[in-house]
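Since the structure comes first, as structure tokens, the remarks are kept for the end.
The values are calculated or read from the model by the stated rules, or taken from the named source; none is laboratory data. This structure is a prediction, so every number in the text was calculated from the model and none was measured. Counting neighbours? That spans all protein chains shown, and the Cβs are built from the backbone with ideal geometry, glycine included. The protein model used for the area step is the full one, side chains on, heavy atoms only, and it has no ligands, DNA or RNA in it. Shrake-Rupley method; radii C 1.70, N 1.55, O 1.52, S 1.80 Å.
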Amino acid sequence: PVEPEFKYVGNMHGNEVLGRELLLQLSEFLCEEYRRGNERITRLIHDTRIHIMPSMNPDGYEVAAKQGPDSNGYLTGRNNANGVDLNRNFPDLNTLMYYSREISGPNHHIPLPDNWKSQVEPETLAVIQWISSYNFVLSANLHGGAVVANDRGSRTHRRTVNTPTPDDKLFQKLAKTYSYAHSWMHRGWNCGDYFADGITNGASWYSLSKGMQDFNYLYTNCFEITLELSCNKFPPEEDLERQWMANREALVAFIEEVHQGIKGMVSDENNNGIAGAVISVRGISHDITSGDMGDYFRLLLPGTYTVTASAEGYQPLTVTATVGPAAPSLVHFQLKQEVVRKPMERKASGTRMNNKALQKKVVPRATRRGTQR
């Protein structure tokens, strides 16, 4: 418990291959530096569960690789074997989120449509099952065709509308962490485009629906950004070392960003972890939930926050938490069970209800998965 899950996903578009190569190299680098006793890498590995998926679209990659870097078309190999763009294939939760806001419904973990499995590709289904199996906290998916860190922006009807999320400032900080640790992304001028600080809000750049980045934010506890890493989607082999040196520090620094904000355990009075407890931060209308063991992770910028933990069958608990610039603050919640109020004794036909009749009026409370009563 209280060890965050982090993930990198590469090669979602089969012809955008630099991310695939960088993640393979990152895996080797982490292992080599750990064996050498590198204190920074050792601490990072001991304190973080790091998941790396070098290729989400191996079939598309094979199509692009047969063309090679010299004759590769701009879209050749982008889609999977069924001709589907995987970054337009996740369930569309934005529409459901807008409706939920109108009816004051949930602002997180938006439920999936009933028929969602029949609408997604095998790769998409596998990724959804994967990210549903772990309580991921932070993520990045690696693309190509530009050089910019893309913080989250949801689908809009207009192409150039900035659509900040409730965690917009945090997403900007995450994107800048990668951009400024990269050798030249932060300069802004790349591939004929200019992005201030080397970052952009997703929807203000271009709008898309059914993307993986939005899905992570709306369905899970995971905050994900998109990294565009090279002007050339399929760079030649001789350029890989230069690209690795440009991205190495940024790849490590971004993993370290998972260690900020607050984290802790949500438990009952007997110290049993409570799964699915809701963690709310006043002023930020995006909640997260505790994992199977009752541990939670809430990424936050430095500051002082009012935080509430709540769970079905328990009394909510609100505390004040201060977040510093270095390590996450440890904030535990121990929730008390709700008090069952006995029905008021009332007179019926001039007599009082006896104890047995009164007890029959008390409805037993349903137990919640992951808790003990």
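List the residues whose amide H sits under 5 Å from the amide H of T289, counting only those 5 or more places along or on another chain, with H placed 1.01 Å from N in the peptide plane.
Sorted by chain and number, the residues that satisfy this are I279.
Just grab the label-to-label distance for E39 and I52, each label 7 Å out from Cα along the Cβ direction, in nm (one decimal).
2.4 nm
Over the stretch 262-337, what is the percentage of antiparallel beta bridges among all DSSP beta bridges, to the nearest 5? Before the final figure, lay out the partial values.
Values: 20 of 24 bridges.
Percentage antiparallel, nearest 5: 85.
Once the Cβ-Cβ distance between L240 and Q129 is put in as r, and R0 is 30 Å, what FRET efficiency do you end up with, to the nearest 0.05? If you can, show how the numbers build up before the last one.
Details: r = 32 Å, r/R0 = 1.06.
Using R0 = 30 Å, I get an efficiency of 0.40.
Can you flag which of K173/K336; K210/K233; K173/K210; K169/K210 are past 27 Å Cα-Cα? Don't skip to the answer; put the middle values down first.
Working: K173/K336 36 Å; K210/K233 22 Å; K173/K210 24 Å; K169/K210 23 Å.
Distance filter (> 27 Å) returns K173/K336.
Just how far, in whole angstrom, is the stretch 107-139 from the stretch 175-202 if you go by their alpha carbon centroids?
29 Å
Once phi is turned into θ = phi - 60°, what whole-Hz ³J(HN,Hα) does the Karplus curve with 6.51, -1.76 and 1.60 give for every residue of the stretch 10-21, x standing for Gly and Pro?
x, 6, 5, 9, x, 8, 9, 9, 4, x, 4, 5
Heavy atoms only, probe 1.4 angstrom, no DNA, RNA or ligands counted: give me R248, R341, R187 ranked by accessible area, highest first. Intermediate values should be presented prior to the final figure.
Numbers: R248 85, R341 200, R187 160 Å².
So, going from the largest accessible area down, we get R341, R187, R248.
Among the aspartates and glutamates, which fall within straight-line cross-link reach of K176, defined as a Cα-Cα distance under 18 Å, with same-chain neighbours fewer than 8 residues apart omitted?
Here the aspartates and glutamates satisfying the reach criterion relative to K176 are D151, D167, D168, D193, D197, E224, E228, E249, E256, E257.
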